[in-house]
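Here the structure is laid out as structure tokens; the discussion comes afterwards.
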Amino acid sequence: MNTTSRSRAQRHQIWLEQIDTVLRAQGMARAAPLALQALADGVEHPTLLNLAASVRFGEGRFDEAAALLRRARALAPRDPHILNSLGICLNTLGQPEAALQAFDAALGLDPAMAVAHFNRGTALEGISQINEARASHERAAALDHSYIDPLARLAWLDVEAGDAASARAHGERALALSPSSHVAQMALAFADVQQRQLAAAEQRLSKLDQDPGITSVNRSIVLGLIADLRDAEDRRAEAFAAYQASNAQLKAVYEPQYAAPATETALGRVRRLASWFEAADPEPWKEAPIARPRASDPKVHVFLVGFPRSGTTLLDNVLAAHPDVVSLEEKDCLEPALATFLNSNEGTERLAHIGSGDALRQRDSYWSKVRSFGIEPRGRVFIDKLPLASVYLPVIAKLFPNARILFARRDPRDVVLSCFRRRFGMNPSMYQLLTLEGAAEFYDAVMQLSELYRRILPLPQHVVRYESLVGDFEGTTRAACDFLGLEWDEAMRDFAAKARARGISTPSAAQVARGLNREGQGTWRRYREQMAPVLPLLEPWVEHFGYATS
């Protein structure tokens with residue numbers, strides 16, 4: 001070793017020893033900035049890269065943090081802590097599947113790593129695999145009895161599913177360990193509202209609302225719960241104002257991601273597709289490449305579409321209770337095809353003339369994705385439930401010309417109000433629902449596009465009205481079964497019990513778990529004054545779909 005190399009090695013060793021001393025004595029917050037200085041001085045060490053990544057992550061520079069962690073992983077491929085940190089970064093970047101691979105790799109090296117189980121559960125929540133997420137959180141809590149976060153998340157999952165008793169058990173265990181857990185407090189407040197313990201809810205929510213340390217996303221949830229409380233108290237004007245404040249919090253958080261100047265919004269894409277199809281030659285859409293039957297195919301392939309809060313979750317769970325039906329709930333298995341064919345006019349033109357080889361590759365990709373969620377459609381009636389797949393119908397028509405479309409419909413005024421009031425996992429489409437006007441504009445645009453598709457695309461469609469399903473359950477369900485080639489089965493009457501076991505991931509979970517009820521019908525009338533600005537936009541659809549205009 002020459003003098004220069006020896007000097008560099010000594011300098012690097014000094015850095016490592018200094019950072020180790022600071023890390024032990026003063027913690028990560030003081031050691032991490034030193035790690036950045038060491039990296040700038042040419043020190044390449046996995047621990048330093050991990051520390052530096054924590055700095056970049058805290059600054060919101062998630063791509064840079066992930067890049068640092070990939071460098072650390074290359075140097076220490078069997079370090080589960082680096083893999084866990086990488087998974088957190090990837091999940092924050094909106095790459096949950098890559099994040100899950102990182103968490104699984106960490107757990108392969110250290111199966112008892114409670115924090116990796118918890119983070120895995122969080123990623124699974126993000127892709128609506130609720131039962132699997134719950135199992136990961138339960139494993140984390142079992143491995144570390146003092147670990148607050150998985151208990152708090154379990155409380156939240158419980159209350160979202162309408163199980164207030166279990167939510168209280170998990171939430172109180174979490175608060176016994178740490179009274180400051182915001183998620184546990186929110187879960188208990190939500191349970192209070194569900195059980196109409198309104199004074200207790202008021203006390204919890206007032207305390208949370210005044211907490212300066214709560215994150216923006218959690219503050220949005222708290223404001224939404226305050227809105228639900230005011231609604232339960234029939235203080236409608238205050239409730240509506242709280243819903244607006246809740247959504248404004250989220251809008252500020254997600255605006256840079258979903259409404260940047262160069263970004264095509266979900267509303268923009270729907271309007272662009274409508275313009276394209278208005279001007280397009282309808283002839284190429286009358287036929288599709290032949291989809292030859294294969295042994296692995298479902299007996300019947302169904303897409304359940306419509307608009308969020310239109311009754312798709314209720315209908316899906318009713319049909320999924322049939323022994324011949326298997327259902328996949330809100331997993332976007334068509335995403336690769338959508339990116340190829342619907343993200344540009346040029347892509348849609350290619351879709352119009354897609355060849356059999358390309359169509360086959362896209363179908364294989366779709367079925368591979370379906371099966372990756374543990375679903376086996378072979379020989380069953382397979383229902384792919386994704387409300388806004390109503391925007392994707394040209395892709396479905398070309399790739400799956402034998403598919404059948406169930407279109408869920410509900411009073412447009414109830415739909416738009418419910419979309420504005422309820423909490424969704426955020427994506428470009430859900431971002432459109434954060435204002436009442438935005439929700440109404442998006443609904444109007446999607447319905448216009450759906451009607452245009454109905455005229456152009458040769459897909460068999462059957463409309464199921466939410467109000468009819470609730471009011472005439474057997475008659476409406478039998479009609480849907482006839483359309484799907486299913487015999488009526490008494491098991492469908494007990495759909496609520498099966499729904500609770502499935503682990504519903506949508507805002508309708510608690511309502512569906514209670515079985516049939518009319519609580520969502522005509523809710524818009526209570527907020528008629530607040531909805532006045534959007535009623536003229538919705539009125540044509542109210543009339544077109546045959547709802548009473550008063």
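A short reminder: the numbers here are calculations on the coordinates, not readings from a lab. This one's a predicted model, so the numbers in the text were calculated from it and none came from an experiment. All Cβ positions, glycine included, derive from the backbone under ideal geometry; neighbour counts span all protein chains shown.
Here are some notes:
- Between amide H atoms placed 1.01 Å from N, distances below 5 Å from Val464 occur with Phe407, Ala408, Arg409, all of them 5 or more places distant or on a separate chain.
- Area projected by the alpha carbon convex hull of region 270-329, averaged over all directions, nm²: 6.5
- With all pairs of separate Cα atoms included, region 360-497 yields a Kirkwood hydrodynamic radius of 17.2 Å.
- Global size of the chain: 25.7, 89 Å for Rg and Dmax (C-alpha atoms, Rg to one decimal, Dmax whole).
- Most to least packed among 211-223, 395-407 [average Cβ atoms within 10 Å]: 395-407, 211-223
- 5 angstrom amide H check on Asp472, placed H, neighbours 5+ away: none
- Relative contact order [Cα under 8 Å, 6+ residues apart], the chain, whole percent: 12
- The string of couplings for region 170-186 from the Karplus curve (6.51, -1.76, 1.60, θ = phi - 60°) is 5, x, 5, 4, 5, 5, 5, 7, 8, x, 8, 5, 5, 5, 5, 5, 5 Hz, one whole number per residue in order, with x for Gly and Pro.
- Treating each Cα of region 266-544 as an identical point scatterer and summing with the Debye formula, the log10 of I(q)/I(0) at q = 0.07, 0.08, 0.12 Å⁻¹ comes to -0.24, -0.32, -0.75.
- Over the chain, DSSP H runs of length four or greater, each weighted -39,500 (n - 2.57), average out per residue to a 222 nm ellipticity of -20000 deg cm²/dmol.
- Over region 1-145, the ratio between the Cα radius of gyration and 2.2 N^0.38 Å evaluates to 1.16.
- For region 113-125, putting each phi into the Karplus relation 6.51 cos²θ - 1.76 cosθ + 1.60 with θ = phi - 60° gives couplings of 7, 4, 5, 5, 4, 4, 5, 4, x, 5, 5, 5, 4 Hz, in residue order, rounded to whole numbers and with x for Gly and Pro.
- Rough spin-label spacing in nm, given labels placed 7 Å along Cα→Cβ, for Ser180 and Glu97: 3.9
- The per residue volume of the convex hull around the alpha-carbon atoms of region 148-258 is 103 Å³.
- Spin-label model distance (nm) - Arg24 vs Glu487, 7 Å beyond Cα toward Cβ: 7.4
- In region 260-394, inverting the average of 1/r over every pair of distinct C-alpha atoms gives 16.4 Å as the Kirkwood radius.
- Sequence-distant lysines (8 or more away, or on other chains) whose Cα lies within less than 24 Å of Lys398: Lys286, Lys299, Lys331, Lys369, Lys385
- Distant-in-sequence amide H partners of His322 (H built 1.01 Å from N, under 5 Å): none
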